[in-house]
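Encoded as structure tokens, the structure appears first; notes follow it.
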Amino acid sequence: MNKKEHVPAHIAVIMDGNGRWARQQGFARIRGHKQGVDSVREITRECAKKNIQQLTLYAFSQENWKRPQREIKFLMKLLKEFLISERKEVEENNIRLTAIGRIQGLPDDIQKEIALSIEKSRKNTGMILCLALNYGGRAEIVDAAQAIARDVKNGKMNIGEIDEETFKHYLYMKNMPDPDLLIRTGGDMRVSNFLLWEISYAELWVTPVCWPEFRKEHLEIALNDYRRRERRFGGLG
Ligand code: FPP
């Protein structure tokens, strides 16, 4: 493949800095989340255009329940509106929508919209847009461990069969390619319990730009940087 065309198969994004961006502009924090939806729309469209296989967005973490009720309610409202209003766009761009996280812990109406968006886009063959919702990386590993223990107890699997490959199949999304590139906006140098198993060899790219201002030009800079990296996966390259 031409080096210039080389794009990551899977990009994961920690969309941080919504609140800070809003406060800097003199607005309430929730205004940042609202503006953040525009970034979600633009980056999704751009990634689909660039033939990225999967884009995974950290939209609501397990830890986000600690926020004030008003902010949580607003985020759920935004998410619901997004799921409904973007169905046409998802269809037009041949995107397959999926979700990871403890989806059963989300409000019923949100679960219903997620299920409907997944069902409606099930046959699409383009980019996978994966929303991480009520997601925690440690919880994902714990859930996998419980499912494996159940299968061992029921005689479906022997302990000796548990290796990295089989373990991976018990994570929230079977057959998901590991992220090649993890983007974090808002400048903090943390992984914040996101895709802990899957990002083992991801290239990290952090920008001080807050998510509501993150646009395709910034994505381009991240992709150019990614192209220059030499990925050795522990070997000598
Ligand atoms: C982190 O910013 C962002 C979130 C907790 C929520 C992200 C949600 C959206 C971008 C909108 C809804 C999503 C979709 C997919 C429609 P922060 O508030 O923690 O920022 P701060 O660090 O400045 O406080």
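Checking each residue in the range 191-219 for being over 18 Å from E42 (Cα atoms) and free of Cβ contacts under 8 Å to residues at least 24 places away in the same chain picks out S200, L204, V206, P208.
Among the residues of the range 79-125, those identified as assigned to a strand (DSSP E or B) and either β-branched (V, I, T) or more than 12 Å from the ligand (Cβ to nearest atom) (or both) are R96, T98, I100.
Entry remark, the range 123-149: residues being surrounded by fewer than 12 Cβ atoms within 10 Å (Cβ to Cβ) and over 18 Å from the mean Cα position of the chain (by Cα) number 4 in total.
Residues that are out of contact with any helix residue (DSSP H, G or I) (no Cβ under 6 Å at 6 or more places or on another chain), on the phi > 0 side of the Ramachandran plot and exposed (fewer than 14 other Cβ atoms within 10 Å of the Cβ) are absent from the range 33-50. Kindly provide the set of residues from the range 126-158 that are away from the ligand (no atom under 15 Å from the Cβ) and hydrophobic (A, V, I, L, M, F, W, C), ordered by number. A139, I141, V142, A144, A145, A147, I148, A149, V152, M157 - these are the residues of the range 126-158 that are away from the ligand (no atom under 15 Å from the Cβ) and hydrophobic (A, V, I, L, M, F, W, C). Here the condition is being under 24 Å from L78 (Cβ atoms) and assigned to a loop (DSSP other than H, G, I, E, B); of L195, L219, L182, L236, it holds for L195 alone.
Restricting the range 30-78 to residues that are outside any helix (DSSP H, G or I) and without any contact (Cβ under 8 Å) to a residue 24 or more places away in the chain, the residue that is nearest to the ligand (Cβ to nearest atom) is R67.
Read-outs throughout are calculated quantities, based only on the coordinates presented, and are distinct from any laboratory measurement. Bear in mind that the values here come from a model prediction, so they are computed numbers and not experimental data. Note that we place each Cβ from the backbone using ideal geometry, even for glycine, and neighbour counts take in every protein chain shown.
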